[in-house]
Amino acid sequence: MKSKLIVALDVDGLQEAMAVVQATRDVVDIFKVGSQLFTRVGPRIIEFLHENGKECFLDLKFHDIPNAVAKAVESAAALRVRMLTLHACGGEEMLKAASAVPKHPLLLGVTVLTSVGGNVQAEVLRLAKLAKRCGLNGAISSPREIHPLREMMGENFLIVTPGIRPAKTERDDQRRTMTPAEAMIAGADYIVVGRPIIATSNPALAARRIAEEIVFASGSLA
Ligand code: C5P
């Protein structure tokens with residue numbers, strides 16, 4: 001079975017990113033490449049992932065005029081990324097232009113960033129509905145909105161969730177956090193974890209523990 005743990009490669013260089021991939025490759029199939037790393041090293045990291053039998057979640061959160069976003073999605077498709085993000089608040093025309101791109105990667109709409117406080121649930125649900133109506137494959141949400149999102153969107157909609165903190169770890173700047181098991185039980189398809197893995201002294205062990213927790217939690221759902 002494919003791993004539901006996505007590791008965020010939020011590091012500054014190719015060497016560091018490669019080291020994280022090597023350390024966690026036994027329990028991770030998809031790695032998230034965001035602005036920090038992609039701006040420095042570009043598609044080389046994606047090539048490295050493919051050479052190692054891994055997939056890329058390109059998290060550049062596209063938000064621009066419809067034509068520019070469609071062209072960016074085409075570029076990502078040419079790089080054979082598995083999934084990418086775009087801001088759902090970019091609106092209907094922009095989202096439809098993205099989903100009209102032939103053979104596009106899985107398109108995930110960013111709803112409300114997990115660093116935002118306050119009661120954002122209604123806005124998350126509104127943006128996820130818009131994303132689905134415009135042909136996107138899923139959405140990014142904080143753990144707290146997983147359950148209401150799953151109830152509303154049904155099974156045929158991916159929910160990908162950052163803001164995950166294993167019990168007894170630092171929350172860093174994440175506000176709406178949950179443990180990996182809680183997020184899976186709430187209905188997430190994938191969880192994205194960065195610092196609790198990449199900023200520890202033993203990323204391999206940290207990733208393995210989280211992956212085991214996910215498998216255990218998924219088993220308890222079956
Ligand atoms: O916090 P962590 O290092 O696990 O972050 C993993 C991912 O979560 C980041 O790559 C970022 O996309 C997202 N994030 C977020 N809100 C924050 C911090 C990170 O959504 N406040």
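The values are calculated or read from the model by the stated rules, or taken from the named source; none is laboratory data. What you see is a predicted model, and the numbers here were worked out from it, not measured in a lab. Positions of Cβ are generated from backbone atoms using ideal geometry, with glycine treated the same way; all protein chains shown enter the neighbour counts. Remember, those area values only see protein heavy atoms, side chains included, never the ligands or the DNA or RNA. Shrake-Rupley method; radii C 1.70, N 1.55, O 1.52, S 1.80 Å.
So, of the residues in region 94-115 that are part of a loop (DSSP other than H, G, I, E, B) and touching a residue at least 40 places away in the same chain (Cβ under 8 Å), which turns out to be farthest from the chain's Cα centre (by Cα)?
Per the stated criteria, the residue is Ser115.
Considering only region 131-163, state which residues are part of a strand (DSSP E or B) and open to solvent by less than 30 Å² (accessible area, probe 1.4 Å).
Gly138, Ala139, Ile140, Ile159, Val160, Thr161
Any residue at all in region 26-40 that is touching a helix residue (DSSP H, G or I) at 6+ places or on another chain (Cβ under 7 Å), within 16 Å of the ligand (Cβ to nearest atom), closer than 18 Å to Ala204 by Cα and assigned to a helix (DSSP H, G or I)?
Checked region 26-40: no residue is touching a helix residue (DSSP H, G or I) at 6+ places or on another chain (Cβ under 7 Å), within 16 Å of the ligand (Cβ to nearest atom), closer than 18 Å to Ala204 by Cα and assigned to a helix (DSSP H, G or I).
Could you list all residues from region 191-206 that are aliphatic (A, V, I, L, M) and open to solvent by less than 40 Å² (accessible area, probe 1.4 Å)?
Ile191, Val192, Val193, Ile197, Ile198, Ala204, Ala206 - these are the residues of region 191-206 that are aliphatic (A, V, I, L, M) and open to solvent by less than 40 Å² (accessible area, probe 1.4 Å).
Could you list, in sequence order, the residues of region 60-93 that are over 11 Å from Gly109 (Cβ atoms) and assigned to a strand (DSSP E or B)?
Hits for region 60-93 are Leu60, Met83.
Taking region 21-52 only, how many residues are closer than 29 Å to Ser218 by Cα, open to solvent by 10 Å² or more (accessible area, probe 1.4 Å) and of a type in the set (Val, Ile, Thr)?
1
Of the numbered conditions (1) in a strand (DSSP E or B); (2) open to solvent by 40 Å² or more (accessible area, probe 1.4 Å), Gly118 satisfies every one except a single condition; which is it?
The failed condition is (1).
So, in region 164-190, exactly how many residues are near the ligand (Cβ under 9 Å from one of its atoms) and surrounded by 24 or more Cβ atoms within 10 Å (Cβ to Cβ)?
Within region 164-190, residues that are near the ligand (Cβ under 9 Å from one of its atoms) and surrounded by 24 or more Cβ atoms within 10 Å (Cβ to Cβ) number 1.
From Leu107, Leu95, Leu79, Leu127, which residue is open to solvent by less than 20 Å² (accessible area, probe 1.4 Å), closer than 23 Å to Ile46 by Cβ and in contact with a strand residue (DSSP E or B) (Cβ under 8 Å, 6 or more places away or on another chain)?
Matching residue, one of Leu107, Leu95, Leu79, Leu127: Leu107.
Is it true that Ala17 is among the hydrophobic types (A, V, I, L, M, F, W, C), more than 23 Å from Ile191 (Cβ to Cβ), open to solvent by less than 50 Å² (accessible area, probe 1.4 Å) and not in a loop (DSSP other than H, G, I, E, B)?
no
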